[in-house]
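Trainee: Encoded as structure tokens, here's the structure I'll be asking about.
Computed from the coordinates by the stated procedures, all read-outs in this text should not be read as laboratory data. What you see is a predicted model, and the numbers here were worked out from it, not measured in a lab. Neighbour counts run over all protein chains shown; Cβ positions are idealised from the backbone, glycine included.
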Amino acid sequence: MNDQPQRRKPAVILLVEDDPGDQELTRRALKHESIHVDLRIANDGVQAMEYLSRQGEFEDPASSPAPDLILLDLNMPKRNGREVLGDLKEDERLSRIPVVVLTTSEQEADILRSYDLGCNSYIQKPVDIDQFTESVRRLGTYWFGVVTLPSTSVPV
């Protein structure tokens, strides 16, 4: 028997990732997850902050819903994941959104800096496609099947 309340709406995940291959792998892994997910993608840190701040093409909350979780790559053009993470955790409106760093970096300095900036988890992307898919599936199950999140992370 599952004591967790059932989600009435899809879990909104904002994937901040510049690599189209990793975007597609993440989409496929979450599609097969038992949790219903509405995956939104920002191609770099600038676009992620525009989405979260509801600027430009993301002004309409109906077409750009607030994320329940952010999956954040560290190494991106324009604005890297460290900068985005720092901005998120300094902004009172955005600071409660859980952030999972999902990156290829295994550098101890990146791990420490990410946690210092307030990430909730740090996952090194497996190189193997099957392992990557399994990691993303487990991540979805954990965040939306085990963890209790606030009803809304972003104030309306």
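Trainee: Provide the percentage of antiparallel DSSP beta bridges, counting only those with both residues in the chain; round to the nearest 5.
Mentor: 0 percent
Trainee: Still on this structure: Anyone know which of Asp38, Asp19, Asp128 comes out most mobile in the 10 Å Cα GNM of the chain?
Mentor: Its mean-square fluctuation being the largest, the pick is Asp128.
Trainee: Which of Gln55, Gln23, Gln124 ends up with the largest GNM mean-square fluctuation for the chain, with Cα atoms connected below 10 Å?
Mentor: Largest GNM mean-square fluctuation: Gln55.
Trainee: If you wrap the chain's Cα atoms in a convex hull and average its projection over all directions, what's the area in nm²?
Mentor: 9.3 nm²
Trainee: Pairs of alpha-carbon atoms within less than 8 angstrom and 6+ residues apart define the contacts here; what relative contact order does the chain have, in percent?
Mentor: Here the relative contact order equals 25 percent.
Trainee: Using a simple charge model, +1 on the beta-carbon of Lys and Arg, -1 on the beta-carbon of Asp and Glu, nothing else, what dipole does segment 56-143 show about its Cα centre, in debye to the nearest 20?
Mentor: In debye, rounded to 20, segment 56-143 gives about 120.
Trainee: Please give the charge dipole size of the chain, origin at the Cα centre, charges +1 on K and R Cβ atoms and -1 on D and E Cβ atoms. Round to the nearest 20 debye.
Mentor: The calculated dipole for the chain is roughly 560 debye.
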